[in-house]
1. Can you name the number of the only condition in (1) at pLDDT below 80; (2) under 30 Å from I165 (Cα atoms); (3) of a type in the set (S, T, N, Q) that S83 fails?
2. Within the range 200-254, restricting attention to residues that are within 19 Å of the chain's Cα centre (by Cα) and of a type in the set (S, T, N, Q), which residue is surrounded by the most Cβ atoms within 10 Å (Cβ to Cβ)?
3. Taking into account only those residues within the range 219-229 that are touching a residue at least 24 places away in the same chain (Cβ under 8 Å) and not in a helix (DSSP H, G or I), which is farthest from Q78 (Cα to Cα)?
4. Inspect the range 51-63 for any residue being under 30 Å from L267 (Cα atoms), surrounded by 11 or more Cβ atoms within 10 Å (Cβ to Cβ) and modelled with pLDDT under 80 and give the result as yes or no.
5. Regarding A101, is this residue assigned to a helix (DSSP H, G or I) and either at pLDDT 85 or above or over 17 Å from A170 (Cβ atoms) (or both)?
6. Return yes when V246 is under 17 Å from L159 (Cβ atoms) and either of a type outside the set (S, T, Y) or at pLDDT 90 or above (or both) and no when it is not.
7. All but one of (1) surrounded by fewer than 16 Cβ atoms within 10 Å (Cβ to Cβ); (2) in a helix (DSSP H, G or I); (3) at pLDDT below 85 hold for F194; state the number of the condition that does not hold.
8. Of all residues being touching a residue at least 60 places away in the same chain (Cβ under 8 Å) and in a loop (DSSP other than H, G, I, E, B) in the range 114-153, which is farthest from T224 (Cα to Cα)? Just the residue, please.
Amino acid sequence: MTALNRPHAGSSARPRRRRTRRPWLSALLVGAVMLFLFAPLIVVVAFSFNSIPRMSLPLAGLSLQWYQGLLEDPEVRQALTRSLIAAVVTALIAGPLGVLAALGLRALSERLRTIVLGAMLLPIVVPGLLLAVALAIYWNGLLGQRYSLSVAIAGHVLLALPFVILTMNAAVSSFRFSLLDAARDLGAGPWQAFRDILFPLIRPAVEGAALLAAAISLDEFIVTLFVGGRDTTLPVLMWGRVQRSVDPSLNALATTLLAATTILALLAARRTTVKL
């Protein structure tokens, strides 16, 4: 036993050095990435409160005059109304379609479900410009219809629906369908089981998916530019004004749009993370 416990000749008896952790280096890298991501947005928000129409530092003072000017601008009010209409209609259409698609996928075999789900998610990987051009050619060239806000809403639904389907598919996959079987055994019909059992439990995911669809619609620019016609929304209005000049009123408009989409995305994330 003594020979076994004796260290081998030539072996080093010095203890191994522990690697010293450098949390400050990790914090520095994370901070650099966050600064790279949010610096342009911080600049836009800061200049939207500048008291004079100058796009350089330092700020002359803080003022809300550019936001007040947006409220008094009839063109901005019309564009905002169209954007809100598009966001609400997109949410109301994409939400139920996402629920139906998720329930329909549940009835398929696992292999066929994977194929169909992949086909439904194709708009995510296809460039938005290609979808906009295809929708413009289909609507005007094939159907012979003029471009309008309704066509833009159809494009918004097309872009938002894959994200809604992903959200609802995850919610439906975690749902215990044995509850529906128990309700059917107790005499409930298919509609009653859906209304009283399934929908109340997946309702947070449905609301979150609808809010996500509204956020996507509110921020969509390419599809609206191609097929919206004269029905200008906020992103298209901003693009048109940027072509002429850049002033603090554009920063105020961009900050308003940023705040709206951020709030919708945060509410969507909060609803979709609720355990079913």
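The values are calculated or read from the model by the stated rules, or taken from the named source; none is laboratory data. Treat the numbers as computed from the prediction; the structure is a model and nothing was measured. Ideal geometry is used to build each Cβ from the backbone, glycine not excepted, and the neighbour counts take in all protein chains shown.
1. The number of the failed condition is (1).
2. S217
3. The initial filter retains those residues of the range 219-229 that are touching a residue at least 24 places away in the same chain (Cβ under 8 Å), namely 219-220, 222-229.
Next cut, not in a helix (DSSP H, G or I) only: 220, 228-229.
Values: E220: 17, G228: 14, G229: 14 Å.
Filtering first and then ranking leaves E220.
4. Yes, that holds for at least one residue.
5. Numbers: assigned to a helix (DSSP H, G or I): yes; either at pLDDT 85 or above or over 17 Å from A170 (Cβ atoms) (or both): yes.
It is true that A101 is assigned to a helix (DSSP H, G or I) and either at pLDDT 85 or above or over 17 Å from A170 (Cβ atoms) (or both).
6. Against the criterion (under 17 Å from L159 (Cβ atoms) and either of a type outside the set (S, T, Y) or at pLDDT 90 or above (or both)), V246 does not qualify.
7. F194 satisfies all of (1) surrounded by fewer than 16 Cβ atoms within 10 Å (Cβ to Cβ); (2) in a helix (DSSP H, G or I); (3) at pLDDT below 85 except (1).
8. Selected residue: R146.
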